[in-house]
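*Asks:* First the structure, which I've put down as structure tokens, then a few questions once you've had a look.
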Amino acid sequence: MNNKGTCPACLGVKRRDAHTVAYKHVMAGYDQISDTLPCINCGGQYMYGSPTGEVSLRPDGTPCLHEYHGATVGRCLTRYTCAHCRDRYEIDSGD
């Protein structure tokens, strides 16, 4: 059983529109020609991650447009968990 579907944020192309993003020109992965950034719904949100074009499915079977909620789990460590599909990742800010 495949529990993945096409990312609803980038429609599987692994990039997102950056027209309204402030300071986009200094962000990693910004492409000035297409005015896009890497998708942060299908893998780009993970530390050292890259977009894949696919996301986990919600319980109703639709591909998830993630809604992450963060919780501090260490001095410099935050865990983000999606309210819909329970996908999660951690970011170490390393202060």
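The values are calculated or read from the model by the stated rules, or taken from the named source; none is laboratory data. All values reported here derive from a predicted model rather than from experimental measurement. Note that we place each Cβ from the backbone using ideal geometry, even for glycine, and neighbour counts take in every protein chain shown.
*Asks:* Can you tell me which residue within the stretch 40-72, out of those that are free of Cβ contacts under 8 Å to residues at least 40 places away in the same chain and part of a strand (DSSP E or B), is farthest from ARG15 (Cα to Cα)?
*Replies:* Ranking the candidates gives THR72 first.
*Asks:* Would you point out the residue of the stretch 1-17, among those that are within 14 Å of the chain's Cα centre (by Cα) and of a type in the set (A, V, I, L, M), that is farthest from THR62 (Cα to Cα)?
*Replies:* Looking at residues that are within 14 Å of the chain's Cα centre (by Cα) and of a type in the set (A, V, I, L, M), I get VAL13.
*Asks:* Okay, moving on. Please enumerate the residues belonging to the stretch 47-67 that are surrounded by fewer than 17 Cβ atoms within 10 Å (Cβ to Cβ) and under 17 Å from ILE91 (Cα atoms).
*Replies:* If the condition is that a residue be surrounded by fewer than 17 Cβ atoms within 10 Å (Cβ to Cβ) and under 17 Å from ILE91 (Cα atoms), then MET47, TYR48, GLY49, SER50, GLU67 are the ones that fit.
*Asks:* When the residues of the stretch 14-36 are filtered to those that are part of a loop (DSSP other than H, G, I, E, B) and surrounded by fewer than 10 Cβ atoms within 10 Å (Cβ to Cβ), which remaining residue is modelled with the lowest pLDDT? Walk me through how you get there before you give the answer.
*Replies:* Let us first name the residues in the stretch 14-36 that are part of a loop (DSSP other than H, G, I, E, B), namely 14, 18-23, 27-30, 32-35.
Still in the list and also surrounded by fewer than 10 Cβ atoms within 10 Å (Cβ to Cβ): 19-20, 22-23, 28, 32-33.
Working: HIS19: 92, THR20: 93, ALA22: 93, TYR23: 94, ALA28: 89, GLN32: 94, ILE33: 96.
Of everything passing the filter in the stretch 14-36, ALA28 is modelled with the lowest pLDDT.
*Asks:* With at pLDDT 95 or above, in contact with a Gly (Cβ under 9 Å, 6 or more places away or on another chain) and either among the hydrophobic types (A, V, I, L, M, F, W, C) or on the phi > 0 side of the Ramachandran plot (or both) as the only criterion, which of CYS64, CYS76 stands out? Talk me through it step by step, then tell me what you get.
*Replies:* Values: CYS76 fails: at pLDDT 95 or above.
None of the other options fit; the residue is CYS64.
*Asks:* If you don't mind, there's one more thing I want to ask. If I filter the stretch 18-41 down to residues being over 22 Å from HIS84 (Cβ atoms) and of a type in the set (S, T, N, Q), which single residue comes out as nearest to the chain's Cα centre (by Cα)? Steps first, please.
*Replies:* To start, the set of residues in the stretch 18-41 that are over 22 Å from HIS84 (Cβ atoms) comprises 18-37.
Checking which are of a type in the set (S, T, N, Q) leaves us with 20, 32, 34, 36.
On the way: THR20: 17, GLN32: 20, SER34: 19, THR36: 14 Å.
The residue in question is THR36.
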